[in-house]
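The values are calculated or read from the model by the stated rules, or taken from the named source; none is laboratory data. Because the structure is predicted, anything quoted here is derived from the model rather than measured. Every residue, glycine among them, receives a Cβ derived from its backbone with ideal geometry; neighbour counts consider all protein chains shown.
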Amino acid sequence: MSSGKIVLKEFQLDQEPGSPVTSKKKKNKDKSPEEKYAGCKIEIINMDDRDLEIDFIGFHISLVNAYRRIVLAEVATMAIEKVYMYNNTSIVQDEVLAHRLGLVPLKVDPRFFEFRNKDETEWGAQDSVKYELKVKCSKKPGAAPDETDPDNLYVNRKVLSSSLKWVPLGNQTDIFQEANMQPLHQDILLAKMNSGHEIILEVYAVKGIGSDHAKFQPGLSWYRLLPEIELTREVEGEQAVLLQKCFSPGVIEINPTPEGKKVAKVVDARNDACSRNVFQYDSIKDSVKLTRKPDHVIFYIESHSALKSFEILEESLNIMIGKCDTLLTEIDKYTDTEAEK
Amino acid sequence: MPVGPDGFRVQNANEGDSKNKLEWLVGPGQDEYCRTFVINEEDHTLGNALKHIIIQNPAVSFCGYTVPHPMERKIHVRIQTNKVPAVQVLRQALKELKEQNEFIRQMIKDEVKRYQEAHPEEENME
């Protein structure tokens, strides 16, 4: 049945007639969710705390795109917002150092905190996290006289994110452990100093969202549609080798037939980068049909915050449901007033 | 954008008027069955997903959404139906969107659990 697949041609993209099942008008009344979404599947291909590769099969792409947009713009994280600079004699300027501090990812779980009020002047325990940085660079006492490596000559030449020390506010010691309040990576280089330089500062981290500043993005998220490769004729010998080179490694395999010919076969189109290299060569241009399935979405999330990759996805779903809820209560306000009239 | 002494964004003089989340336009071309809804503080994230759900409703003869200006955070959703109140269509679509998202949320939770049970050795490595 015509499926609305997207065909990748040499100079254009075409769409086959028809549409995937999800886009057709349906009479959805009185169907339970299980029946409505019977053809739809979600499969996790790869998952750990940092990375997630998940397949959304049968869902419309506008929904998956909404999740991607929410991950980038509306899932909250903690990041350093205010820097009180008491002393900075290093060669890194105040504003540059403050900017770098803002971009340091923190391991603080944003779900324990609230958003800070616009007109708030105090730093409360329920909406901010305080760190301090006190580093002074001095000559190493036991260095050899002809030592040239500056890391051996000086103490604290490099200011790393490990130097950020958590200062608990209010009752934070009862709720949090120090190990969970550190920057995500301890070896982020913040500044470099020479002998006699000193940096003393206090910073406050708050909860924010990606649409405000990119430092608040919890991670990266992107998706692609599942590629499909169909061979329209037999490709053998040298042409098969050329065909194999045109696609990403592992996509095309060359197998010997019983007659002794070497024939190309499509093994797994999933890993193909869809570079359309095959159209460069006239000899094999006509031998493949490249398409993409419009309802099979391969969705990736990479986390660089306290939230794990699948937690980021769950948060984005919560936010989407929250949007629908807000609008539903708004509509009910109007329909209630109309019913009263 | 103007920044106050505390480093937080200062409200514009106009922003002080509390904006409704949902409004609709009045004028020619607007009646109970053909309406353009204005949803404030939303963008393509909700607009595209909502439009797709509304279009699947067989009673709808036209549905589209637009962001009138990229510097203003609002969307216009136009719904034209045949003898069905447009507000009802919008409400149905929002309910369906919410239901779909809740279903997906549950599917993801189940799938995460299934994957974690199937791959326990990776858990220990982390």
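If I go through the range A:57-67 residue by residue, how many of them are touching a Gly at 6+ places or on another chain (Cβ under 6 Å) and at pLDDT 95 or above?
So the first thing to find is which residues in the range A:57-67 are touching a Gly at 6+ places or on another chain (Cβ under 6 Å), and the list is A:58.
Applying the additional criterion that residues be at pLDDT 95 or above yields none.
So the answer is 0.
Is it fair to say A:GLU114 is farther than 25 Å from B:TYR115 by Cβ, outside any helix (DSSP H, G or I) and touching a residue at least 24 places away in the same chain (Cβ under 8 Å)?
Judged against the criteria, A:GLU114 is a match.
Any idea which of (1) within 30 Å of A:GLU311 (Cβ to Cβ); (2) in a strand (DSSP E or B) is the one A:GLN186 doesn't satisfy?
(2)
Name, by its number, the condition in (1) at the interface with chain B (Cβ under 10 Å from one of its Cβ atoms); (2) touching a Leu at 6+ places or on another chain (Cβ under 9 Å); (3) touching a residue at least 60 places away in the same chain (Cβ under 8 Å) that does not hold for A:GLU81.
Failed condition: (2).
Out of A:ASP325, A:ASP286, which single residue is more than 12 Å from chain B (Cβ to nearest Cβ) and among the charged types (D, E, K, R)?
Step by step, each of A:ASP325, A:ASP286 is checked, and only A:ASP286 is more than 12 Å from chain B (Cβ to nearest Cβ) and among the charged types (D, E, K, R).
Taking the criterion of being under 14 Å from A:ALA79 (Cα atoms) and surrounded by 13 or more Cβ atoms within 10 Å (Cβ to Cβ), would at least one residue in the range A:142-165 satisfy it?
Yes: the range A:142-165 contains one or more residues that are under 14 Å from A:ALA79 (Cα atoms) and surrounded by 13 or more Cβ atoms within 10 Å (Cβ to Cβ).
Six or more apart or on different chains, Cβ atoms under 7 Å: show the pairs whose first residue is in the range A:287-302 and under 29 Å from A:ILE70 (Cβ atoms) and whose second is part of a strand (DSSP E or B) and among the polar types (S, T, N, Q).
A:TYR300/A:SER221; A:ILE301/A:SER221
Table: residues versus (1) within 14 Å of another protein chain (Cβ to nearest Cβ); (2) modelled with pLDDT under 90.
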site: A:LEU13; (1), (2): no, no
site: A:THR22; (1), (2): yes, yes
site: A:ASP55; (1), (2): yes, no
site: A:ARG69; (1), (2): yes, no
site: A:THR77; (1), (2): no, no
site: A:ASN88; (1), (2): no, no
site: A:HIS99; (1), (2): yes, no
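Check A:ARG50, A:ARG100, A:ARG68 and return the single one that is of a type in the set (Lys, Arg) and within 29 Å of B:LYS98 (Cβ to Cβ).
Exactly one residue qualifies, and that residue is A:ARG68.
Sort out which residues of the range B:75-102 are within 16 Å of the chain's Cα centre (by Cα), surrounded by fewer than 18 Cβ atoms within 10 Å (Cβ to Cβ) and more than 13 Å from chain A (Cβ to nearest Cβ), and write them in order of number.
B:HIS76
Note down all Cβ pairs under 8 Å where the first residue falls in the range A:57-78 and is under 17 Å from B:GLY47 (Cβ atoms), the second is charged (D, E, K, R), and they're at least six residues apart or on different chains.
A:HIS60/A:ASP295; A:ILE61/A:ASP295; A:SER62/B:LYS51; A:ARG69/B:ASP43
Which of the residues belonging to the range A:35-90 are outside any strand (DSSP E or B), surrounded by 20 or more Cβ atoms within 10 Å (Cβ to Cβ) and hydroxyl-bearing (Ser, Thr, Tyr)?
Scanning the range A:35-90 gives A:TYR67, A:SER90.
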